[in-house]
1. For a quick check of your reading of the model, give me the residue pairs whose first member lies in the stretch 41-58 and is within 18 Å of LEU71 (Cα to Cα), whose second is part of a strand (DSSP E or B) and basic (Lys, Arg), with beta-carbon atoms closer than 7 Å and at least 6 apart or on different chains.
2. Could you look through the stretch 70-102, keep only residues that are within 17 Å of PHE42 (Cβ to Cβ) and basic (Lys, Arg), and pick out the one that is surrounded by the fewest Cβ atoms within 10 Å (Cβ to Cβ)?
3. Restricting to helices (runs of 4 or more DSSP H) lying wholly in the stretch 1-103: which have 3 or more residues that are touching a Gly at 6+ places or on another chain (Cβ under 9 Å) and at pLDDT 90 or above?
4. Report, by residue number, each residue of the stretch 32-64 that is among the basic types (Lys, Arg) and surrounded by 13 or more Cβ atoms within 10 Å (Cβ to Cβ).
Amino acid sequence: MKKILVLMIVAAVAIAMAVPAFAVMPGKTAEYAGGGAGKVVFDGKTHKDAGNKCDSCHPALFKMKKGGAKLTMKDMNAGKNCGSCHNGTKAFSTKANCKKCHKK
């Protein structure tokens, strides 16, 4: 019984420590390949400063695992993923200045 309890505690601690490894916390950035337009830099602080919380996008728009979904400009321009907010009304449009997200 003690072994099971210890194993459960170890598993809970391991899970608690692993979850933040997938997240981009405020003040941190994540970089993604952006094709010919250049890499995309996601800034957690910028999004937090705009009033967003992790659950504003996760898990409804994005899975909680890096690489969990393939993002395309076609989908974003159709209002999916980033485009659900970056539509020109709530935030700048994905169809606007590419350099806002893509960095060469």
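1. Final answer for the pair search is VAL41/LYS103.
2. LYS70
3. Filter on the stretch 1-103 gives 73-77.
4. Across the stretch 32-64, the qualifying residues are LYS39, LYS45, LYS48.
The values are calculated or read from the model by the stated rules, or taken from the named source; none is laboratory data. Just so it is clear, the model here is predicted, and its values are computed rather than measured. Backbone-built Cβ (ideal geometry, glycine too); neighbour counts: all protein chains shown.
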